[in-house]
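To start, the structure itself, in structure tokens.
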Amino acid sequence: MLNELEKIKDSELLNGITVEELSSMLGCLRGVIKKYQKDELVLSEGEKIEKFGLLIEGRLRIVLYDYLGNKTIISEIKPNQIFGEAFAYVDKVSSTNIEAIEDSKILFLDSEKLSTPCNNGCLFHKQLVKNLLYIISNKNVNLTEKIECMSQRTTREKLLIFLNMESIKNNSKEFTIAFDRQALADYLGVERSAMSAELSKLRNEGVLESEKNKFKLL
């Protein structure tokens, strides 16, 4: 358990909380650690969430499937990031699936225990709630950015909006994105072949340079 605590102590959720407090926190919030193999389903659409997760190691992906089975990537989850917190605090089932991209280890925490300070008067409760609000607000911003990309009419417009936002985030015209080509197409909700064709046009027009997931806006 000590090894797991060392891995998650720098997460945003645990900002301002000491390693000594973490052991007490796991007991107070009914923390449970679970392992998942690559391609295993962590959370399925229609499932009720009572615990939200903090990824200790591995990589997860939040995906949405339409009626015909077409997949749209909502986001990826990396170590020290949390997921499921929004649905954990509303009386609704999950509308998305969470899949393990790699072998993963996750710490699940009881959402009700977190939002209701215990009789022990644990000092970390207030800090945890503050950290959770910050994380949720930041995710809201990221979701707004995705909606802005998705609201564009053409594949070209979606690409340019996305790449411009990535450039701003990195404060540089040259940057690396978190997606490979198929994942980027899924994120933008477009066909990979159409996206690749638009990227080729943008390169030929001198708008950008690209190699795999590395881009440079000209």
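Every number here is computed from the coordinates shown, using simple stated rules; none is lab data. Given the structure is predicted, the values throughout are model-derived calculations rather than measurements. Methodologically, a virtual Cβ is constructed for each residue, glycine included, from the backbone with ideal geometry; neighbour enumeration extends over all protein chains shown.
For this structure, a couple of remarks:
- Degrees, to the nearest 10: 155-170 long Cα axis against longest axis of the chain: 50 degrees
- For the range 1-47, applying the loop criterion from DSSP together with a ceiling of 16 other beta carbons within 10 Å to the trypsin sites (Lys or Arg not before Pro) yields LYS9, ARG30, LYS38.
- Here is the size of the chain from its Cα atoms: Rg then Dmax, 19.4, 65 Å.
- Dipole magnitude (debye, nearest 20) for the range 78-174, charges at Cβ of Lys, Arg, Asp, Glu: 280 debye
- With only Cα atoms counted, the range 1-71 has Rg and Dmax values of 15.2, 49 Å.
- Stokes-Einstein, applied to the Kirkwood radius of the range 89-218 over Cα pairs at a viscosity of 1.002 mPa s and 20 °C, places its translational diffusion at 120 µm² s⁻¹.
- Near ILE49, the amide H atoms lying under 5 Å from its own belong to SER94; only residues 5 or more places off or on other chains count, and H is placed 1.01 Å from N.
- Pairwise centroid distance, computed over Cα atoms, of the range 58-75 with the range 190-218, Å: 23 Å
- Shown in residue order for the range 140-153 are the 3J(HN,Hα) couplings computed by the Karplus curve 6.51 cos²θ - 1.76 cosθ + 1.60 at θ = phi - 60°: 4, 5, 5, 5, 4, 5, 5, 4, 4, 5, 5, 6, 6, 7 Hz (x for Gly and Pro).
- The range 205-212 - phi-based ³J(HN,Hα) in whole Hz, Karplus 6.51/-1.76/1.60, Gly and Pro as x: 7, x, 7, 7, 10, 8, 8, 6
- 5 angstrom amide H check on LEU208, placed H, neighbours 5+ away: ARG203, LEU218
- Under the combined filter of DSSP loop state and at most 10 neighbouring Cβ atoms within 10 Å, the range 131-218 retains these trypsin sites (Lys or Arg not before Pro): ARG153, LYS212.
- Dipole size of the chain about its Cα centre, with +1 on Lys/Arg Cβ and -1 on Asp/Glu Cβ: approximately 300 debye, rounded to the nearest 20.
- The long axis of helix 19-28 is offset from the longest Cα principal axis of the chain by roughly 80 degrees.
- Remark: the range 127-218 carries a charge dipole of roughly 140 debye about the Cα centre, counting +1 on each Lys and Arg Cβ and -1 on each Asp and Glu Cβ.
- Between the listed residues ILE33, LEU160, ILE106, the Cα displaced farthest toward the positive end of the dipole of the chain, a dipole computed from Cβ unit charges relative to the Cα centre, is found at LEU160.
- For the range 49-98: relative contact order, % (alpha-carbon pairs under 8 angstrom, 6 or more apart): 47 percent
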